[in-house]
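Chemist: Dumping the structure here so I can ask a few things about it.
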Amino acid sequence: MPDSVKRINLWSGPRNVSTALMYAFAQRGDTLVFDEPLYAHYLRSSDAKVYHPLAQEVLDTMENDGNKVVEMMLGKAEKPVLFFKQMTHHLINIDWAFLPEMINVILTRDPREMLPSYAKEIENPTMSDVGYAMHIELLEYLEANELPIIILDSKSILQSPENQLKKLCAALAIPFDEAMLTWVSGPIPEDGVWAKHWYGNVHKSTGFQPYEPKTSPFPERLKPLLNECLPLYERLKRISLS
């Protein structure tokens with residue numbers, strides 16, 4: 001690290017418990033959290049702006065230039081820990097040279113559970129929407145540059161929040177704080193403008209919700225994408241914190 005500040009990127013896919021993790025870190029007195037700072041850059045750089053809810057509002061209210069966002073992430077820090085909730089698929093049309101200056105955590109989820117949840121909002125998702133291929137690209141970048149590999153599985157977090165958060169904090173070389181396990185229901189000031197569409201369940205919560213396996217039949221239309229995602233997820237799962 002170039003300075004004493006811990007600059008943490010949580011690289012997630014959609015519907016992966018990433019917002020709950022952001023809320024957990026927001027409870028720490030030593031931490032500032034940032035909600036998907038590269039979202040507008042991603043919308044500007046892709047056709048996702050055509051079908052993402054509230055896309056124009058995101059573009060109108062956030063910095064669209066990914067390079068300027070990176071400058072902010074690496075700039076002056078008001079607290080010793082900065083936590084950036086990110087989506088891995090936002091890493092397009094941008095120089096990855098900033099990644100070695102930060103701590104990068106990959107958050108994944110079983111696509112058998114993630115895809116049906118996401119498809120309720122984005123009817124026909126593609127690999128570029130759900131992030132698994134980009135997760136592997138990021139993993140290989142970290143490996144090639146001999147950077148730390150920290151991978152979380154959302155199911156493990158829900159099954160044992162305290163245990164997983166302790167392991168994550170140890171990997172990040174920051175002390176675990178019990179305050180991370182609970183929060184007051186409702187939004188937080190750091191929420192992105194899209195929170196009103198996506199964060200309903202988190203806003204009702206006061207902590208990590210117990211894991212509940214999906215019981216509904218898997219949608220036939222999503223099975224081709226599932227077949228693409230599964231081996232990528234399984235590769236990540238094998239080396240995730242356990």
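The values are calculated or read from the model by the stated rules, or taken from the named source; none is laboratory data. Since this is a predicted model, take the numbers as computed values, not measurements. Note that each Cβ is placed from the backbone with ideal geometry, even for glycine, and that neighbours are counted across all protein chains shown. Keep in mind that these areas ignore ligands, DNA and RNA; they rest on the heavy atoms of the full protein, side chains included. Shrake-Rupley method; radii C 1.70, N 1.55, O 1.52, S 1.80 Å.
Chemist: Of the residues 154, 128, which single one is modelled with pLDDT under 95, out of contact with any Pro (no Cβ under 8 Å at 6 or more places or on another chain) and either of a type outside the set (A, V, I, L, M, F, W, C) or within 14 Å of residue 18 (Cβ to Cβ) (or both)?
Modeler: Of 154, 128, the one residue that is modelled with pLDDT under 95, out of contact with any Pro (no Cβ under 8 Å at 6 or more places or on another chain) and either of a type outside the set (A, V, I, L, M, F, W, C) or within 14 Å of residue 18 (Cβ to Cβ) (or both) is 128.
Chemist: When you check residue 156 against the structure, is it in contact with a helix residue (DSSP H, G or I) (Cβ under 7 Å, 6 or more places away or on another chain) and over 16 Å from residue 91 (Cα atoms), yes or no?
Modeler: So residue 156 passes the test.
Chemist: Could you tell me whether the range 172-193 includes any residue that is acidic (Asp, Glu), surrounded by 15 or more Cβ atoms within 10 Å (Cβ to Cβ) and within 16 Å of the chain's Cα centre (by Cα)?
Modeler: Yes.
Chemist: Another question about this same structure. Which of the following residues is among the charged types (D, E, K, R), within 26 Å of residue 122 (Cβ to Cβ), touching a residue at least 12 places away in the same chain (Cβ under 8 Å) and open to solvent by less than 20 Å² (accessible area, probe 1.4 Å): 36, 57? Break it down stepwise before answering.
Modeler: Values: 57 fails: open to solvent by less than 20 Å² (accessible area, probe 1.4 Å).
Among 36, 57, only 36 is among the charged types (D, E, K, R), within 26 Å of residue 122 (Cβ to Cβ), touching a residue at least 12 places away in the same chain (Cβ under 8 Å) and open to solvent by less than 20 Å² (accessible area, probe 1.4 Å).
Chemist: Can you work out which of the residues in the range 199-231 that are part of a helix (DSSP H, G or I) and open to solvent by less than 50 Å² (accessible area, probe 1.4 Å) is farthest from residue 123 (Cα to Cα)?
Modeler: This residue is 203.
Chemist: On to the next question. Are any residues in the range 184-223 touching a strand residue (DSSP E or B) at 6+ places or on another chain (Cβ under 8 Å) and of a type in the set (Ser, Thr, Tyr), and if so, which ones?
Modeler: Hit for the range 184-223 is 206, nothing else.
Chemist: Now for a separate question. Take the residues of the range 101-124 that are at pLDDT 95 or above and part of a loop (DSSP other than H, G, I, E, B): which is nearest to residue 16 (Cα to Cα)?
Modeler: Of everything passing the filter in the range 101-124, 109 is nearest to residue 16 (Cα to Cα).
Chemist: OK, next. Considering 190, 137, 143, 162, which residue is in a loop (DSSP other than H, G, I, E, B) and at pLDDT 95 or above?
Modeler: Going through 190, 137, 143, 162 in turn, the sole match is 190.
Chemist: Let me ask another. I need the full set of residues from the range 87-109 which are touching a Phe, Trp or Tyr at 6+ places or on another chain (Cβ under 8 Å) and surrounded by fewer than 18 Cβ atoms within 10 Å (Cβ to Cβ), in order please.
Modeler: Matches in the range 87-109: 92, 96.
Chemist: Does the range 86-100 contain at least one residue that is touching a strand residue (DSSP E or B) at 6+ places or on another chain (Cβ under 7 Å), at pLDDT below 95 and not aliphatic (A, V, I, L, M)?
Modeler: Looking through the range 86-100, none of the residues is touching a strand residue (DSSP E or B) at 6+ places or on another chain (Cβ under 7 Å), at pLDDT below 95 and not aliphatic (A, V, I, L, M).
Chemist: Scan the range 39-54 for residues that are within 24 Å of residue 95 (Cβ to Cβ) and open to solvent by 30 Å² or more (accessible area, probe 1.4 Å) and jot them down.
Modeler: 44, 45, 47, 49, listed by residue number.
Chemist: Could you check the range 233-242 and list, in sequence order, the residues that are under 13 Å from residue 111 (Cα atoms) and open to solvent by 40 Å² or more (accessible area, probe 1.4 Å)?
Modeler: Step one: list which residues in the range 233-242 are under 13 Å from residue 111 (Cα atoms), which gives 233-237.
234, 235, 237 - these are the residues of the range 233-242 that are under 13 Å from residue 111 (Cα atoms) and open to solvent by 40 Å² or more (accessible area, probe 1.4 Å).
Chemist: Turning to a different aspect of this structure: Counting only residues that are over 23 Å from residue 146 (Cβ atoms) and touching a Pro at 6+ places or on another chain (Cβ under 9 Å), which one in the range 67-86 is most open to solvent (accessible area, probe 1.4 Å)?
Modeler: 72
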